[in-house]
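Please treat every number below as a calculation from the coordinates, not as lab data. Computed from a predicted structure; not experimentally measured. Please note: Cβ atoms are built from the backbone with ideal geometry, for glycine as well, and neighbour counts cover all protein chains shown.
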Amino acid sequence: MPSPLSLAAILFYLAVSASCLFAMVRARVQAGSVATPNGDAATWFVLTMLFILLALSRFYQFEDLVRLELREMLLLGDAYGERRIGQYPLALLALVVTGGVLWRIWRSYRRRNAGVRSQSLLVARLAAVVMVGLVVLRVISLHLTDSVLFRGLHLNWAIDLGASAAVGIAAWKYARSLSPGAASR
């Protein structure tokens, strides 16, 4: 059974997914409009699914199970002592890929309209990539990254809550921008 903090995180992820679902429905309703590209609804659908998967992962403790399974494989192969040899490049690769995806998303939006919808999609996509990067780093469980993420200020919590909240708020702002009477906003 998940801890009370995990249950709170699950509820938070589900609230974010509900916000993304609401944005998706609004985007689908407006899909015939020139102002709402068809890809918007697809983005909100993917984000809805991401946060549902994060909630399920937290409920079933998937990250812990994967981490334990990897540790067991290393122990069985007598490679546990040398685990850092593989973890350092994996952690570096995860950071580089996450940074590259963030840069690519940022560059693709630089040239676009700076309206509420475009900004909301940008924030949601950037925050979602940060969440995925964080999950990958938690699964890799390198001592150095663990000491940064889980000790002191609990940067893990700040990134997790901040990125999740950013997606939820962006979805809400996007959906609100499509509500009747939003043209005056």
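Summary table
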item: Computed FRET value (nearest 0.05) for A15 with L75, which takes r as the C-beta separation and R₀ as 35 Å; result: 0.35
item: Residues L65 and A158, FRET efficiency given R0 of 25 Å [Cβ-Cβ distance, rounded to 0.05]; result: 0.50
item: Karplus (6.51, -1.76, 1.60) ³J(HN,Hα), θ = phi - 60°, over the stretch 98-103, in Hz, Gly and Pro reported as x; result: 4, x, x, 5, 4, 4
item: Rounded FRET efficiency, nearest 0.05, which uses the C-beta distance separating S3 from V46 and R0 of 41 Å; result: 0.90
item: Residues with amide H under 5 Å from that of S141, placed H, sequence gap 5 or more; result: none
